[in-house]
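A short worksheet on the structure shown next.
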Amino acid sequence: MSGCGIVHVVTRRRRVHGNGIEASAEIEIRGLSIYTHHGVTDAEQEVGQRLEFDISFDVPDCDAMLTDRLEDTVDYAQVCDIVALAATERSYRTLERLAQVVGQRLMERYGCDSVRVRAAKPEPPLPLAIQEVAVEVVHERGSEPDEDEPEAN
């Protein structure tokens, strides 16, 4: 279903330790290559094409920085499986919608405050020579309105 290509994981997560030092963790997966059936044309949806995904997101309560235990961090293969399932279970006309769905699923699964999803077509079906076309969608949890601010009607 998918090929991992090159998967990089960068860990950055803010956490204040007893000594006052802040550490931060963010999970980043780059170069996840998946064969999909998305696009505007019928040929793109029928024949399909390879898409490449770059994903980055924060993970609240990632204790692995302190414990070094696998059960205290994110299973990167599971993240790849979530992206692959979202990218292959149905067809979308736009990369924007696909990236939105991927981001929503990751936020729901991991309780992230922010997720960045980049979906690229390395060989777009265009009449000009183009290296790739890509869309990047950023999800961020909204903040609660201040009590002093009136709500919009």
Problem - In sequence order, calculated HN-Hα J values of region 55-71 (Karplus, 6.51, -1.76, 1.60; Hz; x Gly/Pro) - result: 10, 9, 7, 8, 10, x, 6, 7, 7, 4, 5, 9, 8, 6, 9, 4, 5
Practice task
With a cut-off of at most 13 other beta carbons within 10 Å, and DSSP calling the residue loop, which GluC sites (Glu not before Pro) in region 85-143 qualify? Please list them.
Solution key: Glu89, Glu132
Fill in the blank from the handout: The answer for Thr36, listing residues at least 5 apart or on another chain whose modeled amide H is closer than 5 Å to its amide H, is Gln49, Arg50, Leu51
Exercise for the section: State, to one decimal in nm, how far the label point of Ala77 lies from the label point of Glu96, with both points 7 Å from Cα in the Cβ direction. Expected result: 3.7
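Since every read-out is calculated from the coordinates, none of them should be taken as a lab result. All of these numbers come straight from a predicted model, not from anything done at the bench. When we count neighbours, we look across all protein chains shown, and the Cβ atoms used for this are built from the backbone with ideal geometry, even at glycine.
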